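Working notes for the structure below.
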Amino acid sequence: MVHLPLTQAMKATDEALSIDEYQDAGGYAALRTAVTAMTPGEVVAAVTESNLKGRGGAGFPTGKKWSFVPRPNKRNGAAFLVVNADEMEPGTFKDRLLLERNPHLVLEGALAAAFAIQADTVYLFVRWAYKKAAQRLTTAIAEARGRGYIGDNIFGSRFCARVHVHTSFGRYMCGEETGLLNALAGKRASPRGKPPFPQVVGLCGRPTVVNNVETVCNVPPILAAGSAWFKSLSKTGDSGTKLYGASGRVRAPGLWELPMGTTAREIIEKHAGGVRSGYSLRGFLPGGASTDFLTNKHLDVPMDFDAMQGAGSRLGTGTVIVLDDRTCPVAMVHNLVAFFARESCGWCTPCRDGLPWTRNILDDIEHGKGRPEDLDRLELHCKLLGPGRTFCALAPGAMEPLQSALKYFREDFERHIAEKRCPYKHDR
Amino acid sequence: MLTQEEKDAINAECGSAPSARAVAPHALGAVQRRRGWISDESLKDVADHLTMSPAELDSIATFYNRIYRSPVGRHVILLCDSVSCWIMDYEYLLQHLLTKLEISAFGQTTKDGMFTLLPSACLGACDHAPAMMVDQELFGDLTRQSIDEVIDRYRNADNGERTAPSPAATGHAF
């Protein structure tokens with residue numbers, strides 16, 4: 001039985017699996033079964049039963065998301081399935097691997113998802129920087145079209161689907177669900193208010209599901225091997241495997257497909273080879289720039305959706321960013337907030353005005369110009385830019401590393417202010 | 001004026017777009033590929049071709065990081081300044097690049113018009129931080145020496161056009 005459904009068939013070298021190699025490893029059998037022997041509702045039920053949760057960061061149950069799409073009718077037209085391959089969360093590089101090395105798994109998953117929601121068009125929304133990924137997907141689409149897996153009457157069924165690669169022109173907001181739909185429609189990638197949810201009123205007003213790359217890649221294995229098997233892959237209540245990663249000052253940064261619920265200790269110490277010699281671990285962001293810091297005491301918490309939330313953070317994208325003891329946490333948070341301030345689309349006030357303000361306060365503190373009351377001002381921003389006050393998750397996401405840094409590394413902020421300098425400046 | 005070839009390239013983008021308007025960013029991209037950047041005149045020409053107002057098209061052009069509304073050099077260097085590359089000391093490489101290119105800050109173009117240096121958000125190569133892209137090519141595990149090799153390779157292959165040199169035989173390209 002396969003234990004690593006996402007990566008097991010991949011080659012060791014930097015090459016994509018060809019359609020023949022992918023099929024030799026069992027590829028496209030699940031799509032064939034789905035479109036010839038199952039109803040769309042049965043595919044939705046199978047994925048719901050598997051408890052697959054979205055791998056883009058939010059962890060929303062995939063089957064449930066699909067179930068919100070209304071049955072096709074004349075009024076709302078056919079649905080769209082969009083694969084979100086606009087990977088741009090700082091510290092995240094997991095979808096690149098799947099896109100570049102296993103493009104047919106992405107395609108098969110997208111087609112199965114399209115069948116489940118009865119979409120007739122698939123958009124693969126690929127980040128501008130992922131040139132190789134876009135090329136390999138384009139090649140894979142041509143191969144699949146040549147075999148009749150894309151187009152009309154796929155596997156002799158009534159299912160028809162077109163697949164397009166859409167390369168964007170770059171902005172963090174393109175990865176936000178509703179911002180992505182605006183970008184795909186040629187507009188600024190500002191977010192839309194919800195409701196209506198995209199599953200009902202999405203791209204060009206038609207029902208649209210946006211799924212992350214890693215999410216759709218899990219669909220063919222679930223259909224092929226069943227939900228009991230998928231649940232058995234995990235160490236915890238959240239099913240399946242997860243592409244975990246590590247970057248920062250570790251000996252061997254990289255990506256690994258591991259059972260869901262693997263601990264940060266195992267990822268950092270075993271797979272990434274531990275923190276580099278001369279450095280020690282101070283903390284880590286479990287899943288990208290918009291997750292709360294965790295510290296040494298959280299190293300043995302399973303990295304799944306529920307347990308990370310219980311620890312006060314989020315699984316996010318599952319790609320760990322390590323903070324070592326010689327890197328200034330204030331400067332790191334400044335770097336993170338500066339990113340979010342630059343990428344804010346300016347659509348709503350807390351984000352447009354609050355993020356540059358927060359960045360400037362952090363810049364002052366880092367450069368020895370902070371005042372004691374700045375810490376209260378930062379705490380206030382964490383509330384005013386937090387959940388429920390903005391159209392999308394950009395500003396609340398930016399506050400997650402800040403609020404947790406104020407909690408775990410408060411003495412660093414205080415030292416910067418008291419000593420009027422960064423204590424780490426001459427330490428590197 | 002848009003050339004016929006540019007108009008054909010824009011029209012070719014319309015095939016897979018969900019609506020006629022949806023082609024706007026790609027229309028700008030098609031013109032930028034040929035001219036390097038989007039001047040006011042180019043913007044107006046594209047807007048006319050798409051029957052949009054220039055103001056509306058400019059709101060799109062200025063939104064996206066990879067549409068250039070100012071002239072850029074024949075090659076654009078995008079140095080990642082996001083968190084993993086920051087931890088791995090991209091700032092030292094920035095100083096080195098500025099010295100090497102004889103410019104003083106991000107956003108500037110070398111005197112010979114060859115390179116423009118821009119900051120970029122996370123390039124998704126964090127396991128090979130620090131990383132940068134030059135045009136279409138991604139480079140990781142950067143050192144001062146590997147940066148010199150990349151810059152010199154582009155300089156040696158320069159023919160006054162925006163064409164890229166042949167890919168590196170060894171080293172740091174992905």
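Brief remarks on what is shown
- Restricting the stretch B:110-124 to residues that are within 19 Å of A:ARG171 (Cβ to Cβ) and of a type in the set (Gly, Ala, Ser), the residue that is nearest to the other protein chains (Cβ to nearest Cβ): B:GLY124
- Pairs, first closer than 15 Å to B:LEU117 by Cα and touching a residue at least 12 places away in the same chain (Cβ under 8 Å) in the stretch B:144-157, second of a type in the set (D, E, K, R) and in a helix (DSSP H, G or I), C-beta under 8 Å, six or more apart: B:ILE147/B:LYS100; B:ASP148/B:LYS100; B:ILE151/B:LYS100
- Within the stretch A:154-236, helices (runs of 4 or more DSSP H) holding 2 or more residues that are surrounded by fewer than 24 Cβ atoms within 10 Å (Cβ to Cβ): A:177-184, A:219-225, A:227-232
- Scope the stretch A:8-27; condition within 20 Å of A:GLY226 (Cβ to Cβ) and either buried (at least 21 other Cβ atoms within 10 Å of the Cβ) or among the polar types (S, T, N, Q) (or both); matching residues: A:GLN8, A:GLY27
- Within the stretch A:182-198, the residues that satisfy the criterion of being more than 10 Å from every other protein chain (Cβ to nearest Cβ) and farther than 25 Å from B:GLY15 by Cβ are A:PRO191, A:ARG192, A:GLY193, A:LYS194, A:PRO195, A:PRO196, A:PHE197.
- Verdict on B:ILE67 being touching a Leu at 6+ places or on another chain (Cβ under 6 Å) and either within 20 Å of A:ASP86 (Cα to Cα) or at pLDDT below 90 (or both): yes
- Residues located in the stretch B:1-36, provided they are under 29 Å from B:THR109 (Cβ atoms) and within 13 Å of chain A (Cβ to nearest Cβ): B:ILE10, B:GLU13, B:ALA24, B:PRO25, B:HIS26, B:ALA27, B:LEU28, B:GLY29, B:ALA30, B:VAL31, B:GLN32, B:ARG33
- Scanning the stretch A:251-283 for residues that are among the polar types (S, T, N, Q), surrounded by fewer than 22 Cβ atoms within 10 Å (Cβ to Cβ) and either closer than 17 Å to A:THR241 by Cβ or modelled with pLDDT under 95 (or both) yields a total of 1.
Per-residue answers, yes or no, for (1) at pLDDT 95 or above; (2) part of a helix (DSSP H, G or I); (3) over 30 Å from A:GLY59 (Cα atoms); (4) aliphatic (A, V, I, L, M):
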| residue | (1), (2), (3), (4) |
| --- | --- |
| A:LEU362 | yes, yes, yes, yes |
| A:ARG371 | yes, no, yes, no |
| A:GLY388 | no, no, no, no |
| A:ALA418 | yes, yes, yes, yes |
| A:HIS426 | no, no, yes, no |
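- Residue identified as closer than 16 Å to B:CYS80 by Cβ, more than 10 Å from chain A (Cβ to nearest Cβ) and touching a residue at least 12 places away in the same chain (Cβ under 8 Å) among B:LEU97, B:LEU138, B:LEU101: B:LEU97
- Among the residues making up the stretch A:75-87, a single one is more than 8 Å from chain B (Cβ to nearest Cβ), under 15 Å from the mean Cα position of the chain (by Cα) and assigned to a loop (DSSP other than H, G, I, E, B): A:ASP86.
- Selection from the stretch A:280-306 of residues that are over 18 Å from A:CYS328 (Cα atoms), over 22 Å from the mean Cα position of the chain (by Cα) and in a loop (DSSP other than H, G, I, E, B): A:ASP300
- Filtered residues of the stretch B:97-127 (kept if assigned to a helix (DSSP H, G or I), surrounded by fewer than 22 Cβ atoms within 10 Å (Cβ to Cβ) and not hydrophobic (A, V, I, L, M, F, W, C)): B:THR99, B:LYS100
- Residue in the stretch A:309-317 that is more than 30 Å from A:GLY370 (Cα to Cα) and charged (D, E, K, R) present: no
To keep it simple, each residue is scored yes or no on (1) crowded, with 24+ Cβ neighbours inside 10 Å; (2) more than 9 Å from chain B (Cβ to nearest Cβ); (3) part of a helix (DSSP H, G or I).
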| residue | (1), (2), (3) |
| --- | --- |
| A:GLU89 | yes, no, no |
| A:LEU99 | yes, yes, yes |
| A:GLN135 | no, yes, yes |
| A:ILE141 | no, yes, yes |
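- The single condition among (1) away from chain B (no Cβ under 11 Å); (2) under 16 Å from A:MET173 (Cα atoms); (3) surrounded by fewer than 22 Cβ atoms within 10 Å (Cβ to Cβ) that A:LYS369 does not satisfy is (2).
- Going through (1) more than 18 Å from B:VAL134 (Cβ to Cβ); (2) within 12 Å of another protein chain (Cβ to nearest Cβ) one by one, B:SER82 falls short only on (1).
- Search result, residues across the stretch A:306-320 that are surrounded by fewer than 24 Cβ atoms within 10 Å (Cβ to Cβ) and either within 12 Å of A:ALA58 (Cβ to Cβ) or touching a residue at least 40 places away in the same chain (Cβ under 8 Å) (or both): A:ASP306, A:ALA307, A:GLN309, A:GLY312, A:SER313, A:ARG314
- Condition check for A:VAL201: closer than 30 Å to B:CYS14 by Cα, over 18 Å from the mean Cα position of the chain (by Cα) and not aromatic (Phe, Trp, Tyr): yes
- Answer from A:THR92, A:THR138, A:THR121 - the residue that is modelled with pLDDT of 95 or more and within 16 Å of the chain's Cα centre (by Cα): A:THR92
- Scanning the stretch A:253-261 turns up at least one residue that is within 12 Å of another protein chain (Cβ to nearest Cβ), part of a loop (DSSP other than H, G, I, E, B) and closer than 17 Å to A:ASP324 by Cα.
The values are calculated or read from the model by the stated rules, or taken from the named source; none is laboratory data. The structure displayed is predicted, hence computed values, not measured ones. Here the Cβ is made from the backbone with ideal geometry for all residues, glycine too, and neighbour counts use every protein chain on show.
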